[in-house]
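In what follows, a single structure is set out as structure tokens and then discussed.
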Amino acid sequence: MPVVLEDWISLSINLRNICEKIRGCKISDRTWYDWEHLAGANYPQGKRISARTYTQEQTKMLLCLAWLRKENPRQKVTYRSLRDYFQANEYKLEEVFDKYCEQVNAGEVFVADEVKASLEKIALREVKKCCDRIMNRKLSRNCWASWKQYLGIPKYEKFVDEGTASLLTYMACWRHDNPTKKFPLVRQLIVMMTSASRRAMTLETASSAKMWHQWRMRGCKGKDLHRYLAMCGYKVSLRTLYKWGNFSQRRHYSVSELQEWKVKAANRRCA
């Protein structure tokens, strides 16, 4: 009988085991009770503790709390700080779910460390090129230095992790749409970047700073191709892409194929 992953993982005994694997050590009953309190899930359900179930949001927040405790075991955590961490790292949960499904289907033991064991380093000069393209101008040395200082990046640092690179590109998107306003707090920028409303960006700017960076590095799906072309200065609808031929919303286009679509869009505009 097929089992829905979200329903299976929301069971207390299963979720606790996964949190222990993520954290790398045993979680006591008292600690788990405190975690439930932080996630807003310690209300009575009339069931045994091992038979308790959680909502999808509570499940995700408990998983995020396990990651937070693994990275910062001594940091004081409140509901607000956990909420901000959850919103800033929600995309990582999908990677955990995908990794878990792959290993279970292959008959392997789930190893959480393999999901994000080592952070990918990205050259700052490449990030600046992305920001220059989003802003449609070259950022001055002082402007770029102030952006790096705002995020706490050392002055002579040459490489950053993917999250910081995404945040820098998001700052470029936000500045493009708000040229005279003061930057929000870094924590607010992270929440805004992961917000479904994307209230700080227009479609032409990027649709999503995080996705813009991923598209540049890994390619994108056909359903996002018109957004990618919009970022590059070519406003094309999905209907037009179908007219051009050899297009599918379900297909994943590599970086080289995206370049070919850019050339095709440029030729069509000049024709």
Under the condition of being open to solvent by less than 30 Å² (accessible area, probe 1.4 Å) and out of contact with any helix residue (DSSP H, G or I) (no Cβ under 7 Å at 6 or more places or on another chain), which residue from segment 185-197 is modelled with the highest pLDDT? Met192
Taking segment 216-252 and keeping residues open to solvent by 100 Å² or more (accessible area, probe 1.4 Å) and either assigned to a helix (DSSP H, G or I) or free of Cβ contacts under 8 Å to residues at least 24 places away in the same chain (or both) leaves Arg218, Lys223, Arg239, Tyr242, Lys243, Asn246
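Quick check on Ser81: is it hydroxyl-bearing (Ser, Thr, Tyr) and at pLDDT below 70? Give the steps one after another, and end with the answer.
Details: hydroxyl-bearing (Ser, Thr, Tyr): yes; at pLDDT below 70: no.
No.
So for segment 43-51 (the condition being open to solvent by less than 70 Å² (accessible area, probe 1.4 Å), farther than 16 Å from Asp84 by Cα and modelled with pLDDT of 80 or more), does at least one residue qualify?
Here is the first cut: in segment 43-51, the residues open to solvent by less than 70 Å² (accessible area, probe 1.4 Å) are 45, 50-51.
When the remaining residues are screened for being farther than 16 Å from Asp84 by Cα, the result is 45, 50-51.
Filter once more, keeping what is modelled with pLDDT of 80 or more: none.
Checking segment 43-51: not a single residue is open to solvent by less than 70 Å² (accessible area, probe 1.4 Å), farther than 16 Å from Asp84 by Cα and modelled with pLDDT of 80 or more.
Pick from segment 134-162 the residues that are part of a helix (DSSP H, G or I) and surrounded by 18 or more Cβ atoms within 10 Å (Cβ to Cβ): which of them is modelled with the lowest pLDDT? Step through it out loud before you land on a result.
Taking segment 134-162 and keeping what is part of a helix (DSSP H, G or I), we get 134-135, 141-150, 162.
This time we only want the ones that are surrounded by 18 or more Cβ atoms within 10 Å (Cβ to Cβ), so: 134, 147-148.
Numbers: Ile134: 81, Trp147: 93, Lys148: 92.
Across segment 134-162, the extreme among qualifying residues is Ile134.
The values are calculated or read from the model by the stated rules, or taken from the named source; none is laboratory data. All values reported here derive from a predicted model rather than from experimental measurement. Don't worry about glycine lacking a Cβ; one is built from the backbone with ideal geometry, like all the others, and counts go over all protein chains shown. Ligands, DNA and RNA are stripped out before the accessible areas are found, and what is left, the full protein with its side chains, is counted by its heavy atoms. Shrake-Rupley method; radii C 1.70, N 1.55, O 1.52, S 1.80 Å.
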